[in-house]
Amino acid sequence: MGVFAMPSLGSDMEAGTLVEWLVAPGDHVARGDTVAVVETQKGAIEIEVFQDGVVEELTAEIGTELPVGAPLAVILSQGEEAPSTAPPAVRIEATAAVAETVAAEPAPAPAPAPAPAPPGAAPSKAGQASPAARMRAQELGLDLGEIAGTGPGGVIVLGDVERHGAGAAPRPAKALAPDPARGSPLEEMRKAIAAAMTRAKQTIPHFYLAQTVDLEAATGYLDTLNADRPPAERLLMGALFVRAAARAAQAVPSVNGHFDGGAFHASPVVNPGVAVALRGGGLVAPAIIDALALDLDATMAAMRDLVTRARAGRLKGSEMTEGTITISSLGESGAEAMTGVIFPPQVALVGIGAPQVRPWVAGGAVVPRRVVTITIAADHRVSDGRQAARFLTEFDDLLQRPETL
C-alpha cells in the first residue's frame, strides 16, 4: 500500500480533520479495519484500510486539517519496503474567507508550560479535546474535566469519552461554544448538504415518477410476525421498504450505481443509503452494504445500528461513500409524498411518504386502506420513464408479497 492518504468521504468533501488514531506503528491491519477517525462537515467518520499490512509510520498529527489525498500514514504490505522519503504532509490553514493549502511546517518548538491555575480551580480540558470528543461529550452530558486523555500530550480523543461514558448516567448537556472560524457543527453540515444538493440540481437532469402502494398485505404480515415478539425485536415497515427497494434496484440496474467520469457504472451489489435525521438537525445517508445478502431481521438490525452510530458520530467511511441508491422516508407521520434530490454520484433516490388512510378500490368496492406514495427521482442521463416505472412496479409487487422479502 505504501502511503495511506486522506480519503474522499463524499463528493463534496475537500478536507477533513484527523481527530483520532486507532492504530500505532507496528500494528497489523487487515482489509476493512478502521484505523483513524476524521472529522468532516458531516461529523466524525471512521476511515478504513483496503488491504492487509503493517503500520510503518503515522505521518499526520491529531488535530491537523488535511485535504483529500494528503498522506496520513505509511502502511506496508508483506514484502513492501518503506519509501525512502515520505511525501510531505499538507494541512489547511483556515481564514475568514477561504481555506488555503500549504506545505506542512517543521514542528514548532515546545510551548512553554501553562501558568498554574488559581488555588482551588480545576483545570479545564475543553481545549485539549478533539472535536469529535467534544461533540460526543456534549451528547452524553459529560464534563471533559473529569476525563483522562490518552492522545498525544494528554489530548482527549473520542475513545476516551466513550470509555468514560460507558454505564454512566447522562447529565444535562452543556452548550458548546461554536468555533468562530468555522461556525457551529450544524452550520457546517448545512453548508455541506447545500453544496452537494446544489451540485446535484445543477449537473443531474432529474425526472420524477410516483406511485401509490396498498400496504394492506405488508401491514398484516408485520402484525402477524410481531405478535409474539418483544418490542426490541419487532420489525418496522421501514425494513420492508428497504428490502423492497433493494430487490427492485436489483431488477432495474439502471437506477443502482454511480455516474462518474462521464459514464454510468452499474453496481453488482445493492448498497442502499438510508437517510438518518440527526438530533439537533442535519441529515446523513449511510449505506447498508450488500443489503441483498440480509433477510428482514438482519435488515432491521442493520438499520437500527446505522441510526445509533450516525447519531453517535461513529460511521465508517465505506458507509458514507459506497451507497448505490438512497432511500429517504418521512416515517409514520408527515407529508404523504416527497420528491428528493439525488446524492451524487448516485443516479436515483427513493422518497417514501408517510402512510395515509385513503379510499381504495378493492374487489369492486371502495374501502378504507392504508397506502403510501413512493416517488423515485432518477438521472435522465442513465434511465428514462420506462425503467423508473418498472422500478416502482417491482417495489409495489414485492410489498404485495411481503413474505418473499
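Is the range 275-320 best put as rounded, prolate or oblate by its Cα gyration tensor, with a ≥ b ≥ c the root eigenvalues, rounded for a/c under 1.5, and otherwise prolate when a/b is larger than b/c, oblate when not? Walk me through the intermediate numbers first.
Details: a/c = 2.37, a/b = 1.76, b/c = 1.35.
Here the range 275-320 falls in the prolate category.
Per-residue counts of other Cβ atoms within 10 Å, averaged by peptide: what ranking do you get for 296-303, 242-249, 383-390, highest first?
On the way: 296-303: 18.1, 242-249: 25.8, 383-390: 15.9.
Descending mean neighbour count gives 242-249, 296-303, 383-390.
Give me the log10 of I(q) over I(0) for the range 186-242 at q = 0.16, 0.19 Å⁻¹, as the Debye formula computes it from C-alpha points; what are the numbers?
After summing over all Cα pairs, the log10 values are -0.74, -0.77.
In cubic angstrom, how much convex hull volume per residue do the alpha carbon atoms of the range 189-404 span?
Values: hull volume 27.7 nm³, N = 216.
It comes to 128 Å³ per residue, whole-number rounded.
Just the projected area, averaged over all directions, of the convex hull on the alpha carbon atoms of the range 295-398: how many nm²?
Details: hull surface 35.1 nm².
With the hull built on Cα positions only, its mean projection is 8.8 nm².
If you take every residue apart from L398 with its C-beta less than 15 Å away from the C-beta of L398, what net charge results, scoring Lys and Arg +1 and Asp and Glu -1? Provide the component values of the computation, followed by the final result.
On the way: positive: R243, R247, R390, R401; negative: D214, E216, D295, E394, D396, D397, E403.
It works out to a net charge of -3.
Post the alpha-carbon centroid distance, the range 51-65 to the range 258-337, in whole angstrom.
Between the Cα centres of the range 51-65 and the range 258-337 lies a distance of 28 Å.
With a 10 Å Cβ neighbour count serving as the proxy for reagent exposure, in which order, fewest first, do T393, T34, T40 appear?
Working: T393 14, T34 17, T40 21.
In increasing order of surrounding Cβ atoms, one gets T393, T34, T40.
Whole angstrom only: what separates the Cα centroid of the range 1-36 from the Cα centroid of the range 341-397?
Centre-to-centre distance over Cα atoms comes out at 38 Å.
At q = 0.13 Å⁻¹, what is the log10 ratio I(q)/I(0) for the range 14-67, with the Debye formula run over Cα points and no solvent?
The computed values of log10 I(q)/I(0) come out as -0.31.
FYI, it's all coordinate maths here, none of it is from the lab. Everything quoted here is computed from the prediction, not taken from an experiment. No Cβ is skipped: glycine too gets one built from the backbone with ideal geometry, and neighbour counts run over all protein chains shown.
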